[in-house]
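Visitor: I have a structure I would like to understand better, so I am pasting it below and will then ask my questions one at a time.
The values are calculated or read from the model by the stated rules, or taken from the named source; none is laboratory data. These numbers were taken from a predicted model, which means no experiment stands behind them. We place every Cβ from the backbone using ideal geometry, glycine too, and count neighbours over all the protein chains shown. What goes into the accessible areas is simple: the full protein's heavy atoms, side chains included, and nothing from ligands, DNA or RNA. Shrake-Rupley method; radii C 1.70, N 1.55, O 1.52, S 1.80 Å.
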Amino acid sequence: MKLHVLVDALETARIAVEGGATVVQWRLKDVPRVDVVERGRATRSLCARYGVPFVVNDDLEAALMLGADGVHLGRGDEGAEAAKQHGLMLGLSAATLDDARAADGLADYIGAGPVWATPSKADADPPIGIAGLQEICAAVSAPVVAIGGIDTSNAAECIRAGAAGVAVIRAARDAAALLREIDEAL
């Protein structure tokens, strides 16, 4: 749970996994499912070789087709109950305390954020900040993974706020440095 990397390319996934990423989330936006699956096969194989859980973003059917370990669903995505029925690890997004409370009990982990502004998601909710992250972490029993604007300069701050881990997109290639920051904060 410590370090989720969200990737859309095999090479980025390889660098992140070799750097110590503990979860790889396959995230291809605005492409047909067939492309998500076709392009995801090599990354799925890489994760299996390294023993790193492979999670598909936003698409339960693609996760099942890829034999993924899990699926991460946003607030508007459907399939949480079905994911659990299929035995998949389930991550659910939360941008508010109410979202987090609604996800608690069903989710295996809650992706909370964005903590800070992020250019990686054009339609991101307003940042919750460290105070919002602390509030969510204190209110739920599921592990919380902080996301949004996180890099080596602030990952440890998220852990000290109560997060079990962090998720990164832009900083995926800095996995080794991020993991050191997280470990020091723990």
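Visitor: Output yes when any residue across the range 124-143 is modelled with pLDDT of 95 or more, in a loop (DSSP other than H, G, I, E, B), polar (S, T, N, Q) and open to solvent by 10 Å² or more (accessible area, probe 1.4 Å), and no when none is.
Guide: yes
Visitor: Determine which member of the set GLY20, GLY91 is under 24 Å from PRO127 (Cβ atoms), at pLDDT 95 or above and surrounded by 14 or more Cβ atoms within 10 Å (Cβ to Cβ).
Guide: That would be GLY91, the only listed residue that is under 24 Å from PRO127 (Cβ atoms), at pLDDT 95 or above and surrounded by 14 or more Cβ atoms within 10 Å (Cβ to Cβ).
Visitor: Let me ask something else about it. Is it fair to say ARG173 is under 16 Å from the mean Cα position of the chain (by Cα), more than 21 Å from ARG75 (Cβ to Cβ), open to solvent by 10 Å² or more (accessible area, probe 1.4 Å) and of a type in the set (D, E, K, R)?
Guide: Taking the combined requirement at face value, the residue satisfies it.
Visitor: Do you know which residues across the range 61-71 are closer than 16 Å to VAL5 by Cα and either open to solvent by less than 20 Å² (accessible area, probe 1.4 Å) or in contact (Cβ under 8 Å) with a residue 60 or more places away in the chain (or both)?
Guide: ALA68, GLY70, VAL71
Visitor: If ILE150 satisfies all but one of (1) open to solvent by 60 Å² or more (accessible area, probe 1.4 Å); (2) within 15 Å of the chain's Cα centre (by Cα), what's the number of the condition it fails?
Guide: Single failed check for ILE150: (1).
Visitor: Moving to a separate point now. Might you let me know whether the range 72-86 holds any residue that is buried (at least 22 other Cβ atoms within 10 Å of the Cβ), of a type outside the set (Asp, Glu), farther than 27 Å from ASP174 by Cα and within 17 Å of the chain's Cα centre (by Cα)? Full working, then the answer.
Guide: At the first step, the residues of the range 72-86 found to be buried (at least 22 other Cβ atoms within 10 Å of the Cβ) are 72-73, 83.
Filter again for of a type outside the set (Asp, Glu), leaving 72-73, 83.
Going one step further and asking which of them are farther than 27 Å from ASP174 by Cα, we end up with 83.
Within this subset, residues satisfying the condition of being within 17 Å of the chain's Cα centre (by Cα) are 83.
Yes: the range 72-86 contains one or more residues that are buried (at least 22 other Cβ atoms within 10 Å of the Cβ), of a type outside the set (Asp, Glu), farther than 27 Å from ASP174 by Cα and within 17 Å of the chain's Cα centre (by Cα).
Visitor: Being part of a helix (DSSP H, G or I) and closer than 20 Å to ARG170 by Cβ, is that true of even one residue in the range 19-35?
Guide: Checking the range 19-35: not a single residue is part of a helix (DSSP H, G or I) and closer than 20 Å to ARG170 by Cβ.
Visitor: A follow-up question, please. Just to be sure, is PRO32 farther than 23 Å from PRO143 by Cβ and of a type outside the set (A, V, I, L, M)?
Guide: It is true that PRO32 is farther than 23 Å from PRO143 by Cβ and of a type outside the set (A, V, I, L, M).
Visitor: If a residue has to be of a type outside the set (D, E, K, R), touching a residue at least 12 places away in the same chain (Cβ under 8 Å) and out of contact with any strand residue (DSSP E or B) (no Cβ under 7 Å at 6 or more places or on another chain) to count, how many in the range 129-145 make the cut?
Guide: Filtering the range 129-145 for residues of a type outside the set (D, E, K, R) gives 129-134, 136-145.
Then drop every residue that is not touching a residue at least 12 places away in the same chain (Cβ under 8 Å), which leaves 129-130, 132-134, 136-145.
Those still in the list that are out of contact with any strand residue (DSSP E or B) (no Cβ under 7 Å at 6 or more places or on another chain) too: 129-130, 132, 134, 138-139, 141.
Final tally of qualifying residues: 7.
Visitor: Moving on to the next point. Considering every residue within the range 42-60, establish whether at least one is open to solvent by 50 Å² or more (accessible area, probe 1.4 Å), among the β-branched types (Val, Ile, Thr) and either in a helix (DSSP H, G or I) or within 26 Å of ARG180 (Cβ to Cβ) (or both).
Guide: no
Visitor: If a residue has to be open to solvent by 10 Å² or more (accessible area, probe 1.4 Å), touching a Ser or Thr at 6+ places or on another chain (Cβ under 6 Å) and more than 14 Å from ARG180 (Cα to Cα) to count, how many in the range 2-17 make the cut?
Guide: Looking only at that region, the number is 1.
Visitor: Quick test of your reading of the structure: ASP108 fulfils all but one of (1) surrounded by 14 or more Cβ atoms within 10 Å (Cβ to Cβ); (2) out of contact with any Leu (no Cβ under 6 Å at 6 or more places or on another chain). Name the failing condition by number.
Guide: Answer for ASP108: the failing condition is (2).
Visitor: Scanning for something part of a helix (DSSP H, G or I) and touching a Gly at 6+ places or on another chain (Cβ under 8 Å), does the range 67-81 turn up at least one residue?
Guide: No, because not a single residue in the range 67-81 is part of a helix (DSSP H, G or I) and touching a Gly at 6+ places or on another chain (Cβ under 8 Å).
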